[in-house]
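J.: Can you keep this structure in mind? I'll have questions shortly.
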Amino acid sequence: MTQEKTERLRQDIKAYFKNLPEDIYPANLKNGTSVFLSGSTGWGIQEGFDEKADWDLHLILEDGRHAQLVQKYGSDHVIDDKKNSPIVFGQIRSRSWLRERLDRLAQGDCTYTWIYNNCVMIQDPLGIARMAVENLELLRANLEELLKYHFVTFCVRRFDAASTAKRGIEAGARLANAEMSKAALQTMSLLHGKPYPYNKWLAKHVCILGEDGKRCVELVETALKSASLEEIIGNAKVLRNFLEQEATQRLGAKPWITQWWKFNQNPPEIRWVDKHS
């Protein structure tokens, strides 16, 4: 998305937010609200500007002000505006709510790190954008540990898919196959030093990382389309070999690549380093 297009979008959403009626959002809280445009439009991809796209807004308040809003409107209050074009859906959350989700990075969940580093800042009196950048820096400081966690998870799910398929357990094999495929895409994103999005855009995100990302998505799609239990076993093996090769090329022969089973602590352990502590 070009700077000009981003700025035009920012101004349109600012005007929309400013003009929200009191029964939707209280005027006295607007200046203190950090507002971000997420989803496909905030990310700037082509799908974000088609007829199905909406404005997926994140509105963040300091905890005390959020408590005031909840007291007045209830804890399930959202902006759900189907009359606007595009349709608007806005989640209203507290700073501590966001902090807790960003902190999930230490348990291996990169999703919110991706969301808040791949959205458009509309206004940010709370400094949420800085929190997101700091989280991205933490990811980079702990990249190998996060890679180990996701790669070992991939290997465990690959083993589950193959072992259940060999026993003729159809549902178990296909569930493990899907979990394996997701872990493969997440691992590929981290091999590029990047967090990853939620399921909806995960494959598209990996595709734009480069030719190796496109190849990973192709192998994942083949695995997911496996027509038989025998194909699940074979396709999973091809995906495993590809991901092992990619990881080894970038990192060398790490023990957790070649002997992954030794590092599975159910789930794999992350030895987290907080460079801000």
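J.: Anything in the stretch 14-32 that is farther than 23 Å from ASP76 by Cβ and in contact (Cβ under 8 Å) with a residue 24 or more places away in the chain? List them, or say none. Reasoning before the result, please.
T.: Taking the stretch 14-32 and keeping what is farther than 23 Å from ASP76 by Cβ, we get 14-15, 18-19, 31.
Selection gives LYS14, ASN31.
J.: Moving on to the next point. Return yes or no: is GLY74 within 23 Å of TYR16 (Cβ to Cβ), small (Gly, Ala, Ser) and buried (at least 20 other Cβ atoms within 10 Å of the Cβ)?
T.: no
J.: Go through (1) part of a helix (DSSP H, G or I); (2) touching a residue at least 24 places away in the same chain (Cβ under 8 Å) one by one and return the number of the condition ILE122 breaks.
T.: Result: ILE122 fails condition (1) only.
J.: Need the failing condition index for ASN266 against (1) crowded, with 17+ Cβ neighbours inside 10 Å; (2) closer than 14 Å to PHE151 by Cα, just the number.
T.: Unmet condition: (1).
J.: Still on this structure: Scan the stretch 15-59 for residues that are among the charged types (D, E, K, R) and within 24 Å of TRP114 (Cβ to Cβ) and report the count.
T.: Step one: filter the stretch 15-59 for residues among the charged types (D, E, K, R), giving 18, 22-23, 30, 47, 50-52, 54, 56.
In the following step, the residues that additionally are within 24 Å of TRP114 (Cβ to Cβ) were identified as 47, 50, 52, 54, 56.
Matching residues across the stretch 15-59 total 5.
J.: Farther than 23 Å from ARG104 by Cβ and surrounded by 15 or more Cβ atoms within 10 Å (Cβ to Cβ): is that true of VAL217 in this structure?
T.: It is true that VAL217 is farther than 23 Å from ARG104 by Cβ and surrounded by 15 or more Cβ atoms within 10 Å (Cβ to Cβ).
J.: Which condition number does GLU170 fail, the rest of (1) surrounded by fewer than 16 Cβ atoms within 10 Å (Cβ to Cβ); (2) under 22 Å from GLN265 (Cβ atoms) being met?
T.: Only one criterion in (1) surrounded by fewer than 16 Cβ atoms within 10 Å (Cβ to Cβ); (2) under 22 Å from GLN265 (Cβ atoms) is unmet by GLU170, namely (2).
J.: Among the residues in the stretch 79-90, are any touching a residue at least 12 places away in the same chain (Cβ under 8 Å) and within 19 Å of the chain's Cα centre (by Cα)?
T.: yes
J.: Let me ask another. Among the residues of the stretch 175-200, which ones are surrounded by fewer than 20 Cβ atoms within 10 Å (Cβ to Cβ) and either out of contact with any helix residue (DSSP H, G or I) (no Cβ under 9 Å at 6 or more places or on another chain) or more than 23 Å from GLU231 (Cβ to Cβ) (or both)?
T.: If the condition is that a residue be surrounded by fewer than 20 Cβ atoms within 10 Å (Cβ to Cβ) and either out of contact with any helix residue (DSSP H, G or I) (no Cβ under 9 Å at 6 or more places or on another chain) or more than 23 Å from GLU231 (Cβ to Cβ) (or both), then HIS192, GLY193, TYR198, LYS200 are the ones that fit.
J.: So which helices (runs of 4 or more DSSP H) are wholly in the stretch 188-274 and hold at least 2 residues that are farther than 30 Å from SER40 by Cα and not assigned by TED's automatic domain parsing to the domain that holds GLY44? Working first, answer last.
T.: Values: elements: 199-207, 211-224, 229-251, 255-258.
Output list reads 229-251, 255-258.
J.: Could you list all residues from the stretch 29-71 that are β-branched (Val, Ile, Thr) and within 21 Å of ALA15 (Cβ to Cβ)?
T.: Our first condition is that a residue be β-branched (Val, Ile, Thr); within the stretch 29-71, this holds for 33, 35, 41, 45, 60, 70.
Within the stretch 29-71, THR33, VAL35, THR41, ILE60 qualify.
J.: From the list ASP50, ASP103, which residue is modelled with pLDDT under 95 and not β-branched (Val, Ile, Thr)? I'd like the intermediate steps shown before the answer.
T.: Values: ASP103 fails: modelled with pLDDT under 95.
Going through ASP50, ASP103 in turn, just one is modelled with pLDDT under 95 and not β-branched (Val, Ile, Thr): ASP50.
J.: I would also like to ask the following. Here is a list: LEU126, LEU69, LEU59. Which entry is at pLDDT 95 or above, within 19 Å of the chain's Cα centre (by Cα) and not polar (S, T, N, Q)?
T.: Working: LEU126 fails: within 19 Å of the chain's Cα centre (by Cα); LEU69 fails: within 19 Å of the chain's Cα centre (by Cα).
After ruling out the rest, the residue left standing is LEU59.
J.: Additional query: Which one of these does LYS237 not meet: (1) surrounded by 15 or more Cβ atoms within 10 Å (Cβ to Cβ); (2) over 30 Å from ASP103 (Cβ atoms)?
T.: (1)
J.: Does the stretch 98-112 include one or more residues that are in contact with a strand residue (DSSP E or B) (Cβ under 9 Å, 6 or more places away or on another chain) and buried (at least 18 other Cβ atoms within 10 Å of the Cβ)?
T.: Yes, that holds for at least one residue.
J.: I've got another one for you. Before we move on, is ASP54 outside the structural domain of TYR196 (by TED's automatic domain parsing), over 20 Å from ASN135 (Cβ atoms) and acidic (Asp, Glu)? Please lay out each step first, then the result.
T.: Details: outside the structural domain of TYR196 (by TED's automatic domain parsing): yes; over 20 Å from ASN135 (Cβ atoms): yes; acidic (Asp, Glu): yes.
For ASP54, the condition - outside the structural domain of TYR196 (by TED's automatic domain parsing), over 20 Å from ASN135 (Cβ atoms) and acidic (Asp, Glu) - is met.
J.: Yes or no: the stretch 216-232 includes at least one residue that is of a type in the set (Lys, Arg) and in contact with a Leu (Cβ under 9 Å, 6 or more places away or on another chain).
T.: At the first step, the residues of the stretch 216-232 found to be of a type in the set (Lys, Arg) are 225.
Filter once more, keeping what is in contact with a Leu (Cβ under 9 Å, 6 or more places away or on another chain): none.
Checked the stretch 216-232: no residue is of a type in the set (Lys, Arg) and in contact with a Leu (Cβ under 9 Å, 6 or more places away or on another chain).
J.: In this structure, does PRO21 turn out to be modelled with pLDDT under 95 and either assigned to a loop (DSSP other than H, G, I, E, B) or loosely packed, with under 13 Cβ neighbours inside 10 Å (or both)? I'd like the intermediate steps shown before the answer.
T.: Values: modelled with pLDDT under 95: no; either assigned to a loop (DSSP other than H, G, I, E, B) or loosely packed, with under 13 Cβ neighbours inside 10 Å (or both): yes.
Judged against the criteria, PRO21 is not a match.
The values are calculated or read from the model by the stated rules, or taken from the named source; none is laboratory data. Note that the structure is a prediction, hence the values are computed from the model and not measured. Quick reminder, even Gly has a Cβ in these numbers, built from the backbone with ideal geometry, and neighbours come from all protein chains shown.
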